[in-house]
Amino acid sequence: MFARADRPDLARRLKRLARVFPLERLVDERVGLADVASYYDVCFDAYRRYHSGEGAVHMALNDGQRFDAAGFRGQAERLAASWQARPPRDVLELAFGQGFNLAELAPRFPATRFEGIDLTPRHVQHAREMLAARGIGNVTLREGDYHALPFADASFDAVFCIEAMCHALDPARAIAECARVLRPGGTLTLFDGYVAAPLDTLPADSRLAVRLTAHGMAIERFQTPDEMHRHAAAAGLQRVADERLDTQILPSLRRLERITGAVVRWPWLGRRALAKRHPMRGRNVLAGYLMRCLVTMGLLTYRHLAWRQPGDNPG
């Protein structure tokens, strides 16, 4: 099921990380919603410096072997393509981050009303200022939790979330909320990372690495794609897409691996550098250093998932 040749490499990576981080203590910590908001607040500038100067906080989708920052628009391009034939009237983005995707999509669909909700006050303030500076007026943003959406039933034709449903502490409830606010015929689209198999079926070192990667990004635990499909079905949604995009994110993962590898290469320097950073930011190294290996082993997978609310939307 998994690439055995990469397992010794994973063991070496865990050993190197243990020289810099207290792995057993970190893996046992719990992650709450306040930690998620804190993580993105603390990492705001780091994302812009090391990841995307334009404010993308997700993986780039690249078709080739080389990283290309244009790939940060890949998820928005897929959404836009799905809306071309019949543009939605009302769209909701969950956990919009620094506003990158709304800034891409709203000008392309000027007749569509966009809403966004995010846990992090800094995200809300930044995105509002950025959209206003660009003269984008068909977007309304608010601070809030997608486990309890502050919108009426059947309010949207499309709901999407890019690399943030992984933070859900109760994914069944979050998916049910999405289903509640969708109109008949509306779609829920997720781009996110998942663990390929239940954690308790994995070898100990693989289980440790997956949990460390999750906690490195303020994720309590990764879901499996099958779990997400079950939650969607329980909420009355019909599956319309499940596409694996592992190869498309590998250039991003190799880039992050090079950046974070510098912290691990010389442990004493790494510990010294991390001591000057907020702990939530320093843990990014765990995810950046492990993700490429875990994806090539088949332990983590990146998927485009989508479901449809049954019925016809009269438009």
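The values are calculated or read from the model by the stated rules, or taken from the named source; none is laboratory data. From a predicted model like this one, the values you see are computed outputs, not experimental measurements. Reconstructed Cβ throughout: ideal geometry from the backbone, glycine too, with neighbour counts over all protein chains shown.
The set of residues from the range 237-254 being crowded, with 20+ Cβ neighbours inside 10 Å and in contact with an Asp or Glu (Cβ under 8 Å, 6 or more places away or on another chain) comprises just one member, Pro251.
Tell me yes or no: at least one residue of the range 118-133 is farther than 21 Å from Val42 by Cα, in contact with a strand residue (DSSP E or B) (Cβ under 7 Å, 6 or more places away or on another chain) and crowded, with 16+ Cβ neighbours inside 10 Å. Looking through the range 118-133, at least one residue is farther than 21 Å from Val42 by Cα, in contact with a strand residue (DSSP E or B) (Cβ under 7 Å, 6 or more places away or on another chain) and crowded, with 16+ Cβ neighbours inside 10 Å. Would it be correct to say that Ala287 is under 15 Å from the mean Cα position of the chain (by Cα) and on the phi > 0 side of the Ramachandran plot? It is false that Ala287 is under 15 Å from the mean Cα position of the chain (by Cα) and on the phi > 0 side of the Ramachandran plot.
Search the range 256-315 for residues being among the polar types (S, T, N, Q) and touching a Pro at 6+ places or on another chain (Cβ under 9 Å), and hand back the single one that is farthest from Arg183 (Cα to Cα). Top of the filtered list is Thr301. In the range 53-89, the residue that is surrounded by the most Cβ atoms within 10 Å (Cβ to Cβ) out of those that are within 16 Å of the chain's Cα centre (by Cα) and among the small types (Gly, Ala, Ser) is Ala56.
Among the criteria (1) outside any loop (DSSP other than H, G, I, E, B); (2) surrounded by fewer than 20 Cβ atoms within 10 Å (Cβ to Cβ); (3) in contact with a His (Cβ under 9 Å, 6 or more places away or on another chain), the one Leu169 does not fulfil is (1). Each residue in the range 208-245 was checked for being free of Cβ contacts under 8 Å to residues at least 12 places away in the same chain and in a strand (DSSP E or B), and 0 pass. Considering only residues that are surrounded by 15 or more Cβ atoms within 10 Å (Cβ to Cβ) and β-branched (Val, Ile, Thr), look in the range 135-156 and name the one that is farthest from Ala176 (Cα to Cα). Checking each candidate, the answer is Ile136. The condition of being more than 21 Å from Ala81 (Cβ to Cβ) and either touching a residue at least 24 places away in the same chain (Cβ under 8 Å) or in contact with a helix residue (DSSP H, G or I) (Cβ under 8 Å, 6 or more places away or on another chain) (or both) holds for only one of Arg122, Arg183, Arg113, that being Arg122. Could you tell me whether Leu286 is in a helix (DSSP H, G or I), buried (at least 19 other Cβ atoms within 10 Å of the Cβ) and in contact with a Gly (Cβ under 6 Å, 6 or more places away or on another chain)? When the stated conditions are applied, Leu286 passes them. If you check Gly216 against the conditions, is it closer than 22 Å to Asn101 by Cβ, buried (at least 22 other Cβ atoms within 10 Å of the Cβ) and in contact with a helix residue (DSSP H, G or I) (Cβ under 9 Å, 6 or more places away or on another chain)? Criteria not met by Gly216. None of Leu61, Leu79, Leu105 is modelled with pLDDT of 95 or more and assigned to a loop (DSSP other than H, G, I, E, B) except Leu61.
The sole residue among Glu227, Glu257 that is of a type in the set (Asp, Glu), surrounded by 14 or more Cβ atoms within 10 Å (Cβ to Cβ) and more than 22 Å from Leu199 (Cα to Cα) is Glu257. The set of residues from the range 24-41 being surrounded by fewer than 19 Cβ atoms within 10 Å (Cβ to Cβ) and in contact (Cβ under 8 Å) with a residue 40 or more places away in the chain comprises Leu26, Val27, Glu29, Arg30, Val31, Gly32, Leu33, Asp35, Ser38, Asp41.
Regarding the range 263-280, can at least one residue be identified that is free of Cβ contacts under 8 Å to residues at least 24 places away in the same chain, part of a helix (DSSP H, G or I), among the aromatic types (Phe, Trp, Tyr) and under 22 Å from Arg12 (Cα atoms)? Yes, the range 263-280 has at least one match. One residue alone among Leu102, Leu131 is of a type outside the set (Gly, Ala, Ser) and closer than 20 Å to Phe156 by Cα, and that residue is Leu102. Count of the range 179-205 residues, restricted to those that are within 21 Å of the chain's Cα centre (by Cα) and polar (S, T, N, Q), is 2.
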